[in-house]
Amino acid sequence: MTEETEVGTRLARFLAAHPDAHHGRIAHLTRAGSGRSRDNWLFDLVFEGSNGAEQRESLILRTDPEGGLIDTDRATEFAVLQALEKSGLPTPVVRWLDADGHALGRPSLIMQRLPGICDYRVLHNSAFPLTERVDLARRFCALLAKVHAVDWYTLGLGEVLSDPGPHAARAELDQWTAILRQNQLEPWPELEYAVAILSERAPKSSRTVLVHADFKPGNLLLADSQVSALLDWELAHLGDPLEDLGWVTQPLRSSEHTIDGSWEAEDLLSYYEQETGGAVDRIALHWWVAFSAFKTAVMQVSGLRAFLDGRAEEPYRPTRRVLTTLLDAVLEEPA
């Protein structure tokens, strides 16, 4: 039995047990590629509408892969997306959840498929004039500000995600250090040094917001140059808004978020301040930039472990560039 046939069979059984699937049939089941953390299967649910006419609902099945860079929880992701349906953010509507993978083989969720294309290098796509790309970068920044402005308490996210209060930096560092310890198979002196320095300098947060934790063009869909969807909420949590800002301004992701000479990291930060009406603490941000490089390295350690365990096909490991960037960020004195 091919993987597609197996997924299709399991999916059909799963949907048959849900009355709100309208006894529909599955059409055009296609694997969208194996991501670094999730497997995605696209399909249409075809059913008879109330007027007797055929209707289609475009859906996507997100299921845990055999091995990924990180382990996350589908039930939490499902609950976050459910809560965000009332937020005004362009997030997909979730439909069904198989939290333990009993029906679909691995923990999975099914959500509506939104229109648009994904281009993680869109800010450097020469097919678009520079002015349009800078305008798009501003819209990305404004969307991040809207994520941080979400009233997470009213939406009930406090029942799903824990609030670290002023100790968000310490909580994130402890979490990713634990992931490092769980997955490392050899000494990484650079990472140990980073843990020690980051631990000494962890800043306190001035406010708690909803953090996306992987905000990037590669997790956005564009339709007619407008953002139609913000995807991949598997790492979302409550924390410091500087965490997302550190992620998008760290040197390792500069090619995705900045445009040399036209939209630099400082332009992004200034525009964010304009959108939010608040100042960005550059000294505290420096810590989050270094933490983001650390987090990237830990993801690669985790990916290497998955490969060696036979759970992933691609061998990840911290590259010299990642380690050098991390040490530079840790050693640099904040301005």
Original post:
How would you rank 324, 276, going from fewest to most other Cβ atoms within 10 Å of each one's own Cβ?
Top reply: 324, 276
Subject >> Estimated FRET transfer efficiency (residue 12, residue 53; beta-carbon r; R0 22 Å; 0.05) >> reply: 0.50
**OP:** With just the Cα atoms of segment 214-279, tell me how far they stretch along each of the three principal axes, in Å, largest first.
**Re:** 30, 26, 26
**OP:** At 7 Å along the Cα-to-beta-carbon direction for both residue 139 and residue 4, put a label point, then send me their distance in nm to one decimal.
**Re:** 3.4
Original post:
What relative contact order, as a whole-number percentage, does the chain give when Cα pairs under 8 Å and 6 or more residues apart are counted?
Top reply: 17
**OP:** Only Lys, Arg, Asp and Glu count, each charged at its Cβ (+1, +1, -1, -1), so figure out the dipole size of segment 3-112 about its Cα centre, rounded to 20 debye.
**Re:** 140
Original post:
Can you give the direction-averaged projected area of the convex hull of the alpha-carbon atoms in segment 1-63, in nm²?
Top reply: 4.6
Original post:
In nm, what is the difference between 0.36 nm times the number of residues separating residue 328 and residue 254 and their Cα-Cα distance?
Top reply: 25.1 nm
Subject >> Furthest towards positive pole of dipole, 274, 94, 228, structure part the chain, Cβ charges >> reply: 94
Subject >> Candidate aspartates and glutamates for bridging to residue 86, where Cα separation is under 13 Å - those fewer than 8 sequence places away on the same chain excluded >> reply: 151
Original post:
Computed on alpha carbon atoms, what radius of gyration and Dmax characterise segment 76-126, expressed in Å?
Top reply: 14.5, 46
Subject >> Label-zone membership for segment 98-127, site residue 29, 7 angstrom Cα→C-beta point, backbone N under 19 Å >> reply: 98-113
Subject >> Residue-by-residue Karplus 3J(HN,Hα) for segment 86-97, coefficients 6.51, -1.76, 1.60, Hz, glycine and proline x >> reply: 9, 8, x, 7, x, 10, x, 7, 8, 10, 9, 9
Original post:
How big is the charge dipole of the chain about its Cα centre, in debye rounded to the nearest 20, if each Lys and Arg gets +1 on its Cβ and each Asp and Glu gets -1 on its Cβ?
Top reply: 280
**OP:** For segment 197-335, take the alpha-carbon Rg, divide it by the Kirkwood Rh, and send me Rg/Rh.
**Re:** 0.98
Original post:
Among the lysines, which fall within straight-line cross-link reach of residue 295, defined as a Cα-Cα distance under 27 Å, with same-chain neighbours fewer than 8 residues apart omitted?
Top reply: 146, 204, 216
Subject >> Amide proton proximity set for residue 228, modelled H, under 5 Å, gap of 5+ >> reply: 221, 222, 223
Original post:
When the convex hull of the Cα atoms of segment 3-112 is projected onto a plane and the area is averaged over all directions, what value comes out in nm²?
Top reply: 7.5
Original post:
Using alpha-carbon positions, what is the distance between the centroids of segment 159-232 and segment 289-304, in Å?
Top reply: 10
**OP:** List the residues whose amide H sits under 5 Å from the amide H of residue 211, counting only those 5 or more places along or on another chain, with H placed 1.01 Å from N in the peptide plane.
**Re:** 237, 238, 239
**OP:** Pairs of Cα atoms under 8 Å, at least six residues apart: use those to get the relative contact order of segment 206-313, whole percent.
**Re:** 25
Original post:
Just the Cα atoms of segment 268-319, one point each, no solvent: what log10 I(q)/I(0) does Debye give at q = 0.19, 0.23, 0.28 Å⁻¹?
Top reply: -0.68, -0.80, -0.98
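Only the coordinates and a few stated rules stand behind these numbers; no lab work does. Since we're looking at a predicted model, the values are computed, not measured. Neighbour counts are summed over all protein chains in view; Cβ atoms, including those assigned to glycine, are modelled from backbone coordinates with ideal geometry.
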